1. In the stretch 142-183, what residues are surrounded by fewer than 21 Cβ atoms within 10 Å (Cβ to Cβ) and over 23 Å from PRO125 (Cα atoms)?
2. How many residues, within the stretch 118-130, are surrounded by 15 or more Cβ atoms within 10 Å (Cβ to Cβ) and either closer than 21 Å to GLY106 by Cβ or among the charged types (D, E, K, R) (or both)?
3. Of a type in the set (Val, Ile, Thr), touching a residue at least 40 places away in the same chain (Cβ under 8 Å) and either exposed (fewer than 15 other Cβ atoms within 10 Å of the Cβ) or more than 30 Å from GLY106 (Cα to Cα) (or both): is that true of THR208 in this structure?
4. So, in the stretch 113-127, how many residues would count as being of a type in the set (Gly, Ala, Ser) and in contact with a strand residue (DSSP E or B) (Cβ under 6 Å, 6 or more places away or on another chain)?
5. With (1) within 18 Å of the chain's Cα centre (by Cα); (2) of a type in the set (Gly, Ala, Ser); (3) assigned to a helix (DSSP H, G or I) as the list, and ALA299 as the residue in question, which single condition is left unmet?
6. Please verify whether ARG75 is of a type in the set (D, E, K, R) and modelled with pLDDT of 80 or more, treating the condition exactly as stated.
7. Quick check on the stretch 194-206. Is at least one of its residues farther than 14 Å from PRO272 by Cβ and either modelled with pLDDT of 90 or more or assigned to a helix (DSSP H, G or I) (or both)?
8. Being in a helix (DSSP H, G or I) and closer than 30 Å to SER150 by Cβ is true for just one of PHE229, PHE210, PHE216. Which residue is that?
Amino acid sequence: MVGPAVTVRCPACGTPLRAVLAPSPPTQWFPCSQCHAPVPVVVPRDPPPLYSWEVVPGLYPALPPPHVPRWRVRRMAAGALVGVALVAVVLAGVFGYYALVASAPGSFDANGVVLLGHKSGSTTPGAGVSVTATTENGASYQAVTALDGSFAFSGLPTGGLTLEFSDAGYSTVYVYAFVSTLYSAGATGLEVTMGPGAANNNSSFALTPFTDLEQFVAAIGAGVVLLGFVAIVAGYAALLTVRADRPALGVVGGGAGLMAPLALAYLALGDPFPWLVAGSAALALLGGFALAIRAVQMAQTGPAAS
């Protein structure tokens, strides 16, 4: 059953609004076609003309216009979207700088200790174990562990590093590390335990999500592109939100800020850059706030008026 069609005026800009009411709920909201403000309309309980105040003009005092906190909500949403854009720009700028210096040449060390495991469960220092360090460019460095099982390399170039540990009567162990001026993982203070077994029963351990320099730089570049996209979407949504009350723009801009941390986590950039966790949290909070308040406003606003 379709309710009556009524004509009211928007309390914000005065534009006539013709709305076809549904039987329920008692109060329904319709967006103004001019300023997009939500206009409350009460479903009449009596047949016309009893519900029309034009029947006896002047009998009742004019009702005050309903208070619509449109600008306050819009201002808060715009502020949150501006915050998302600013945080994204700052993070993108930092990552842009990192992308330039990530491949800077350097000289790095790799060291650690090797332990030999026994069937009894005990371990002893692995003296005389052969250790081979292979860079991502194919250069190899050889070393033999000392009596206490320690080993050390120096002068290693920037990039991915594979450490191979082999000894007679023990399974070969491969450890993947990464060294650079920005981020190094697994190359120093390493402790490797070799278990008894055939040499071909090898095991491997990746101590970093980045196996080579190209992958590391690509992840940083992807982060710059992603954050730049978030900044553009949120900034554009903030600008249009200030100019007009368009809740859908707040949902889109806030959603971009809310989803950005998930994409950054997928790129594994939180491991080399722990400070990114705080920046991602700020993006998520600001984006989630803008999305929530605008989604609520959209839920309160009914279908477009005819």
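1. Listed by number, the residues that qualify are GLY155, LEU156, PRO157, THR181, LEU182, TYR183.
2. 0
3. In short, no.
4. Going through the stretch 113-127 one residue at a time, the tally reaches 2.
5. Only one criterion is unmet by ALA299, namely (1).
6. The answer is yes for ARG75.
7. yes
8. The conditions single out PHE216.
The values are calculated or read from the model by the stated rules, or taken from the named source; none is laboratory data. Predicted model, so just to flag it, every value in this text is computed and none were measured. All Cβ positions, even for glycine, are placed from backbone atoms using ideal geometry, and neighbour counts span all protein chains on display.
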